[in-house]
Every structure is written in C-alpha cells, then in structure tokens.
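Written below as structure tokens is the structure these notes are about.
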Amino acid sequence: MSLSPESLLLLQPFTEVFTRPTLCHMRTLMYGTVLASGRRTVATALRAMGRGDERHFTTYHRVLNRAVWSPFPLSRILLGLLIMTFLAPDAPLILLIDGTLERRWGRRIAYKGRFHDAVRSQSGHVVTSEGIHWVCLMLLVAVPWCQRRWALPVVSVPTLTPATSAKLGKRHRTTIQAAQLLIALVRRWVPEREIILVGDGGFAAASLGHTCRRLRVRFVSRLLLTAQLYDPVPPQHKGKPGVKPKKGPRQLKLTQRLTNRATSWLSQEIPWYAGQQLKMDLLTGTALWHRDGEDPLPIRWVLLRDPSGKRSPFALFCTDSTVPMLQIITWYVSRWTIEVTFEEVRTHLGLETQRQWSTRAIARTTPCLLGLFSFVVLLAHALHPDYLPTRQAAWYPKAEPTFVDALAAVRRHLWAQLNSPTPSAALGSLYSTSPLFDMLVEVACYAA
C-alpha cells in the first residue's frame, strides 16, 4: 500500500513502540481490520488486504501472541494525539470510565469468568454470562462534524474473578483497583492538565475518590441514597485527650430528605440525554462520606427528584465540593456517550468476534480494537477536518455523521491507496462514471 501523508503522520509516533518488521505487520492487520466486515480475525484482515495467498501467515499471528510490545505505550501515544487534535491547550480532560463484557467461550481462554451481564439484565432479573470483563477509559471530545461529543477509547485492562486470579497465580485486582491503576497512568502521562473522571454507580467507591483527590482529579459518580453522610469535624479544644475525630455529627440520609416535608427543593431545567432539557427538583449540599474501614471522603452531593414521578430519584457526588451542582449533572449526563462507543465498536469493528485463545493475544486484541475506534476517528478528521460526508437517502435525511460515516471515509481512502501505485494518483482512483461501480463501493464502505 502506498501510504498517504495523513496516514504517515498518524503512524509516525507509534514507531517507537515496535520494531520495523512488527510495525509493518501490525499496520497490515490494522488496516485489514478496518477494511474487513464480519469477524475480525487475523485471516479476515489478511484477506481484506489482498494477502489471501500469504504463505507466512503465522508471522501475523506472532505479532499478537509473541512479539515484544505493550499496549500501554500505545495508549500514551494515542492519548497525546487525541489531546493535540481535539482539545485546546487549556481544556480539561474529561475521562469516562466503564466496564464492558466481552462474551467468550472456550477451555483455553485463561481470563474467562462469569460476570454480570448489564445488557441482558433487567430490573429484578440479573443475568450472568461467561466472558472477559474489561475496564475502559475514554476521552470525551468534541469533533467538528457534529454537535454530540464522542467518547474515544484510550486504555483498557481486563479484570478477573477471584477464582480466575487464584488459578493463574495472580494478585486479584477488583474493578475499583483497575480504575485506580488507569487514572494513575493518565495522571503520569499528563501531569499538568486538569482531569475530570466520570463513572457510573459501579465505580462509586470512597477508595477511588481518595485516589482521585491525591492525584488532583475531580471524580463524579452516583451516590447511594442510603450513604452515611456527616458534617465536618467541629473545632476541638486544645489539649483534649483521646483520638482525634475524623467526622462530625451525622447528617440526614438522602432517603430521609426525600420524605421530609421541610426539605426545600429547587425546581430547575437540567441538561439531559440526547440534548434534551428536563425539569427536575434539585437539592445539594456538602458532607463527609463515610465507609467502614476507610477515611471519610469530602464530597458535594446532588439529589435529583422527578416532579412527575416517572423517574426514580437518584443522587450524584463530586469529590470537589466547590463545583456547582449543574456542572456535576452535566458531567454525569455526558457519560452516556461511552455506551454509544461500546455499541459501535461491537457493530462496526467486530468486538467479541476475534478468535484468539492465547492469553497474550487476548490481552492485546481487545484494547487494540477499542483503540482502533479512536484511530479511525483521527484519520477521518485528518482527511475531512471540517465536513465529513454522510450517507443520505430520500427517506432518511441524516443530520449529523456517526462512526459508520467516519469508517466509510477511511475505507474509501484506504482502498484508493491500495488501488493506486503512488499517493498522488490515489485521489480519484475510486471515483468513476459507472453507477454500478459507485454503488458497489458504497456498499463495501458501509458494510458492518
């Protein structure tokens, strides 16, 4: 393939991680995964790149199961590219964290365990599935093509069940401990930027809040309505004997504030999902959140109640008590874009369809597939910095592009490079006056 200047510019920072042969093979697998449809296996990627007659096909398998490289340096470089491309020099990093289950079966898959399946579970009906649970950290950015902000994956790590950790002889790391590792890595990579971490109720832990405060990171998440909240420690007399208290008098629980008629609510419209505005009753305050065995965590809590009664009341918290409550709500609502990214990676990049059973290959493939989502967006932005072409129809006027449009633009660009001997001749190599040819190209570009 004759690489374009846009591709070379994005690939150049990654040369420090790989040797020259490994980089060439990795580039083939990466572009083949983008061009392929259906299952994303090594064989499918080679066929998509026209390497179906490659006799040394095992060399490409060794890139994932034997070659010496780590996904973490790739994540550091990818984060730097995303910051340089989409964020202003003084803009904060809004990081979204969540877990996803990669459903996998097989006796040889060492990381396999049985986890809660949030997609298949319903209220009052919990479903568990076999697979590998991943904790993923994504950067929330504004792309120039649409008003909705996108969550771009940066780094991912697997979390194991206690039984699997014991079987492999590894020290068990919980989901919260994995989140602490990821946020510490990002703070090491970006020491000066302001960072906001947003997670759902599964990451609402005082230990993670203490870690974020130590790393100068604002943490926003859900708060249990039955959380134990306390006032700050009142002034103590000098020379008073005994252990110094860590918390003051207990505050009312949030469940008690909901039923207390003396509670003074503030009725206001707040930003909601899909750009909507929703009228809610709000209440906020500061407190020390206490969990048994842990130091109290200073927080600002926000209690939300739907006056129509259609939605159950819920609460949020932030480890920075100076943040306004509307800003806390806005940060938390932006977390929903991470679910959109998970769905698009499954639909358009074949997450859960890879078939490696080697432990090293499994630990590398899923983070690379998630990172490929961000790389596709970067390349699409380099090719179309201001306007991204979208797929239109008379019955479906698409207002804003989505990831499938970015993927189609990158596929068209890569096929033009494969179809031309030099980069200068690739510009018009996939455009013709034949309607049938144009239809075939469009179908191939938008194939799932």
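The values are calculated or read from the model by the stated rules, or taken from the named source; none is laboratory data. Just so you know, these numbers come straight off a predicted model, no measurement behind them. Positions of Cβ are generated from backbone atoms using ideal geometry, with glycine treated the same way; all protein chains shown enter the neighbour counts.
Yes/no per residue for (1) among the small types (G, A, S); (2) modelled with pLDDT of 95 or more:
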position: K170; (1), (2): no, no
position: W189; (1), (2): no, yes
position: G201; (1), (2): yes, no
position: G209; (1), (2): yes, yes
position: C212; (1), (2): no, yes
position: R216; (1), (2): no, yes
>> For region 120-134, which positions are in contact with a Phe, Trp or Tyr (Cβ under 9 Å, 6 or more places away or on another chain) and β-branched (V, I, T)?
In response: T128, I132
>> Scan region 122-140 and tell me whether some residue there is free of Cβ contacts under 8 Å to residues at least 60 places away in the same chain, in contact with a strand residue (DSSP E or B) (Cβ under 7 Å, 6 or more places away or on another chain) and outside any strand (DSSP E or B).
In response: yes
> Among the residues of region 258-275, is any more than 30 Å from A448 (Cβ to Cβ), part of a strand (DSSP E or B) and free of Cβ contacts under 8 Å to residues at least 12 places away in the same chain?
Replying inline: yes
> Does P367 qualify as being at pLDDT 90 or above, under 14 Å from T33 (Cα atoms) and not assigned by TED's automatic domain parsing to the domain that holds W105?
Replying inline: yes
> Looking at (1) at pLDDT 90 or above; (2) over 30 Å from E294 (Cβ atoms); (3) of a type outside the set (A, V, I, L, M, F, W, C), which is the one condition that is false for T259?
Replying inline: (2)
> Across region 227-274, what is the total count of residues that are among the small types (G, A, S) and either at positive phi or over 39 Å from the mean Cα position of the chain (by Cα) (or both)?
Replying inline: 4
> Does L266 meet the test of being loosely packed, with under 14 Cβ neighbours inside 10 Å and not charged (D, E, K, R)?
Replying inline: yes
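May I ask you to say which residue of T226, T255 is loosely packed, with under 15 Cβ neighbours inside 10 Å, touching a residue at least 12 places away in the same chain (Cβ under 8 Å) and in contact with a Ser or Thr (Cβ under 7 Å, 6 or more places away or on another chain)? Before the answer, list the steps.
Numbers: T255 fails: loosely packed, with under 15 Cβ neighbours inside 10 Å.
That would be T226, the only listed residue that is loosely packed, with under 15 Cβ neighbours inside 10 Å, touching a residue at least 12 places away in the same chain (Cβ under 8 Å) and in contact with a Ser or Thr (Cβ under 7 Å, 6 or more places away or on another chain).
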>> Given (1) at pLDDT 90 or above; (2) assigned to a helix (DSSP H, G or I), identify the lone condition not met by Y387.
In response: (2)
>> Looking only at region 215-226, how many residues end up being closer than 29 Å to R187 by Cα and in a loop (DSSP other than H, G, I, E, B)?
In response: 3
>> Between a residue in region 308-322 that is surrounded by fewer than 17 Cβ atoms within 10 Å (Cβ to Cβ) and any residue that is modelled with pLDDT of 95 or more, which pairs come within a Cβ distance under 8 Å, given they are 6 or more apart or on different chains?
In response: S321/T286; S321/P298; S321/I299; S321/R300; T322/R300
> If V63 passes every condition in (1) farther than 21 Å from A448 by Cβ; (2) among the aliphatic types (A, V, I, L, M); (3) in contact (Cβ under 8 Å) with a residue 60 or more places away in the chain but one, which one does it miss?
Replying inline: (3)
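Looking at D90, D117, can you tell me which residue is assigned by TED's automatic domain parsing to the domain that holds R218, surrounded by fewer than 20 Cβ atoms within 10 Å (Cβ to Cβ) and either within 24 Å of E400 (Cα to Cα) or at pLDDT below 90 (or both)?
Checking each option against the conditions leaves just D117.
For region 120-156, which residues satisfy the criterion of being of a type in the set (S, T, Y) and surrounded by fewer than 23 Cβ atoms within 10 Å (Cβ to Cβ)?
The answer is S121, S123, T128, S129.
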> In region 282-304, which residue that is among the charged types (D, E, K, R) and at pLDDT below 95 is farthest from L101 (Cα to Cα)?
Replying inline: D295
> Out of region 277-309, which residues are more than 29 Å from V217 (Cβ to Cβ) and either assigned to a loop (DSSP other than H, G, I, E, B) or among the aromatic types (F, W, Y) (or both)?
Replying inline: D306, P307, S308, G309
>> So Y387 passes all but one of these: (1) over 14 Å from P153 (Cα atoms); (2) crowded, with 18+ Cβ neighbours inside 10 Å; (3) among the hydroxyl-bearing types (S, T, Y). Which condition number does it fail?
In response: (2)
> Which number in (1) buried (at least 21 other Cβ atoms within 10 Å of the Cβ); (2) over 17 Å from A43 (Cα atoms) marks the one condition that L351 misses?
Replying inline: (2)
> Can you pull out the residues in region 94-121 that are charged (D, E, K, R) and either free of Cβ contacts under 8 Å to residues at least 24 places away in the same chain or in contact with a strand residue (DSSP E or B) (Cβ under 8 Å, 6 or more places away or on another chain) (or both)?
Replying inline: D98, E102, R103, R104, R107, K112, R114, D117, R120
